[in-house]
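What follows is one structure encoded as structure tokens, with my remarks underneath.
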Amino acid sequence: MEKYDLVIIGSGPAGLSAAIYASRAGLNAVVLEKAGVSGGQVLTTYEVDNYPGLPEINGFDLGMKFKEHADKLGAKFEDASVLAIKAGAETHTVVCEGKEYEAKGVIIATGAHHALLGAPGEAELQGMGVSYCATCDGAFFRKKDVAVIGGGDVALEDAIFLARICNKVYLVHRRDEFRANMALQKALKEYANVELVLSSTVEEIKGTEAVEAIRVKNKVSGEEKDIPVSGVFIAVGIVPDSDAFASDVKCNERGYILAGEDGRTSVERVYAAGDVRAKALRQIVTAVADGANAVTSFQEDIL
């Protein structure tokens, strides 16, 4: 069993920030990353326009800058799929597939993943026109008609990105107004090839070997209609990747780990940082702050 001062689970912005702060503090720390690549969800973000000092940088480049910074400071990374945390009085054990790590403290920075729409045809047509990442798959639908489902920041970002390369973008939202920030709503209006389909739900994604159309239902009139599209990009929220820790630390009803700004969870010397933590704002800048705060709290707790 390998022993460390600190184990950081996850290598998105929160985990990489924690790695940077841990390295600068001279802590013996290791970052465990499940995907074998650092950066997290930021890697699939087309453009990041709200990270201070780096306007209009794309998500992949920003994620790589975080990783390069951590590497420069000597941060250690290992591929591992974490199964659970066994809390102890003096040290905790992080249980992985085929390996265990012992540490005085653990930072959970596992992030979140895209929520499913739950419509018939979604599962059957994944990878055949159904996507959860516009920046990953949008190029396959150049000059074609597509639909984006959702009303938050990600949905509008996806619609704007796709409007630049697609013939027509239908933006379907179940409410009559968007939850996205006003800057994105203003930017969306500049694209004449975006058609809003509001107060509507997707009843079915249709197609045999590939997406051919979506059936939408207007919640006010009850009218149903088919909209022919070649691609459907689903952006209806995120789900925290906290299942492995639900029995170890307290979570809210949505599965987000309960922790304050200091990152402290219900278990002593176990911290939560980034999108997995229950908080009001989930952005790159808040994830980075979470990582720094978690390491600072750990240092205070072991004094």
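The values are calculated or read from the model by the stated rules, or taken from the named source; none is laboratory data. The model shown is predicted, which means the values in this text are computed figures rather than measured ones. Reconstructed Cβ throughout: ideal geometry from the backbone, glycine too, with neighbour counts over all protein chains shown.
Quick notes on this structure:
- Within region 198-226, the set of residues being assigned to a strand (DSSP E or B), surrounded by fewer than 20 Cβ atoms within 10 Å (Cβ to Cβ) and among the β-branched types (Val, Ile, Thr) comprises just one member, Thr201.
- For region 209-228, a residue qualifies if it is farther than 22 Å from Asp176 by Cβ and either out of contact with any Lys or Arg (no Cβ under 8 Å at 6 or more places or on another chain) or among the basic types (Lys, Arg) (or both), and the qualifying residues are Glu209, Ala210, Val211, Pro228.
- Some residue of region 134-144 being buried (at least 16 other Cβ atoms within 10 Å of the Cβ), under 24 Å from the mean Cα position of the chain (by Cα) and within 30 Å of Leu258 (Cβ to Cβ): no
- Reported count of residues in region 4-50, each being among the charged types (D, E, K, R) and in a loop (DSSP other than H, G, I, E, B), is 3.
- Scan of region 227-250 for residues that are buried (at least 23 other Cβ atoms within 10 Å of the Cβ) and in a strand (DSSP E or B), ordered by number: Gly231, Val232, Phe233, Ile234, Pro240
- Selection of helices (runs of 4 or more DSSP H) fully inside region 107-192 by the criterion of at least 1 residues being in contact (Cβ under 8 Å) with a residue 24 or more places away in the chain and in contact with a His (Cβ under 9 Å, 6 or more places away or on another chain) returns 153-163.
- Residue list for region 146-165, restricted to those being touching a Lys or Arg at 6+ places or on another chain (Cβ under 6 Å) and surrounded by 19 or more Cβ atoms within 10 Å (Cβ to Cβ): Gly151
- Evaluation of Thr44 against (1) under 30 Å from Glu203 (Cβ atoms); (2) surrounded by fewer than 13 Cβ atoms within 10 Å (Cβ to Cβ) (one fails), failing number: (2)
- Residues satisfying the stated conditions in region 17-36, i.e. among the basic types (Lys, Arg) and at pLDDT 95 or above: Arg24
- Selection of region 254-278 for residues being more than 18 Å from His92 (Cα to Cα), surrounded by fewer than 16 Cβ atoms within 10 Å (Cβ to Cβ) and not charged (D, E, K, R) yields Leu258, Gly260.
- Count - residues of region 56-66 that are part of a helix (DSSP H, G or I) and either among the acidic types (Asp, Glu) or within 17 Å of the chain's Cα centre (by Cα) (or both): 7
Table: residues versus (1) out of contact with any strand residue (DSSP E or B) (no Cβ under 7 Å at 6 or more places or on another chain); (2) in the same structural domain as Ala180 (by TED's automatic domain parsing).
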residue: Glu203; (1), (2): no, yes
residue: Val211; (1), (2): no, yes
residue: Lys250; (1), (2): yes, no
residue: Tyr256; (1), (2): no, no
residue: Glu268; (1), (2): yes, no
residue: Arg277; (1), (2): no, no
residue: Thr286; (1), (2): yes, no
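- Every residue from region 279-302 that is in contact (Cβ under 8 Å) with a residue 24 or more places away in the chain, part of a loop (DSSP other than H, G, I, E, B) and within 15 Å of the chain's Cα centre (by Cα): Arg282, Gln283
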